[in-house]
């Protein structure tokens, strides 16, 4: 496929999907009913949610400084904040372009080489994924009965067990192939995985590793708190248990990858 066409599809398809999901959501809800929710909402909780979200972004900007300092770059906090907010804003237009823009901003304003700035972003994402996996594990423990009953009600239990065993076998075979194969694809995947592991382990070698780890948990904690506190804004959502909130939070986090910044898919969590 032509590279220019592929590039256009990467940009346009998430936007089209997001617009479709917005239309589909609104088609199931009358304007009057939607306006009723806006009128009855308690905006104090909305304001608190915005505040917690702001704290998470400021913490992310401050955490970034811990990774840049060992490389000899004393980046101003204001410029780090600007780069983080630009990352989120640009991701609403072109998926994943925000990370590139964030690294470019530090290059232009602080003289940080692009490849080094982008490398620190990748390492940060690895740390974020690890914390997200921890949240998923906690959710599976808290809501095991609900998730199990949900799957059993929709899928044959025997098929679920066979599927899990099959996926496990395939995973071991794939790992065995990667370790033994000398094909170009296998080598690239090995190098990529090794890079991810090296990036994750580099966190424990930095001077302020414990501060970095604290901010990593704080960022996700503020995300969850922002997500949770805003449910109190609508009376109909007040009775939702924390476990269900965590499930919705996880689904919403994955939805962000489907469309630009989660437009359309994020509200359908």
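The relative contact order of segment 61-189 comes to 14 percent, based on Cα pairs under 8 Å that sit 6 or more residues apart. Based on the reciprocal of the average 1/r between different C-alpha atoms, the Kirkwood radius for segment 60-116 equals 11.2 Å. Modelled spin-label separation between residue 211 and residue 161, with each label point placed 7 Å from Cα along the Cα-to-Cβ direction: 5.3 nm. Working ranking of peptides 107-118, 244-255 by packing, defined as the average number of other Cβ atoms within 10 Å per residue, highest first, is 244-255, 107-118. Along its three principal directions, the equivalent ellipsoid of segment 160-250 from the Cα gyration tensor extends over semi-axes of 38, 25, 9 Å, largest first.
In this calculation the C-beta distance from residue 24 to residue 191 is compared with R0 = 35 Å, giving a FRET efficiency of 0.30.
The convex hull defined by the C-alpha atoms of segment 80-150 has an orientation-averaged projected area of 6.2 nm². All Cα-Cα separations within segment 61-181 were binned at 10 Å from zero, giving a P(r) of 11, 26, 21, 22, 16, 3, each value a whole percent of the pairs. Here segment 152-191 has an Rg and Dmax of 14.9, 44 Å, counting Cα atoms alone.
Length available on full extension from residue 94 to residue 57: 0.36 nm per residue minus the Cα-Cα distance, which gives 11.3 nm.
For residue 204 and residue 138, the FRET efficiency from 1/(1 + (r/R0)^6), where r spans their Cβ atoms and R0 equals 30 Å, is about 0.85.
For residue 171 and residue 254, what does the FRET efficiency come to when R0 = 25 Å and r is the distance between their Cβ atoms, rounded to the nearest 0.05? It comes out at approximately 0.80. Compared with the direct C-alpha span, the chain from residue 218 to residue 81 gains 47.7 nm at full extension, assuming 0.36 nm per residue.
Computed from the coordinates by the stated procedures, all read-outs in this text should not be read as laboratory data. Keep in mind that what you see is a predicted model, and the values were worked out from it rather than measured. Neighbour counts are summed over all protein chains in view; Cβ atoms, including those assigned to glycine, are modelled from backbone coordinates with ideal geometry.
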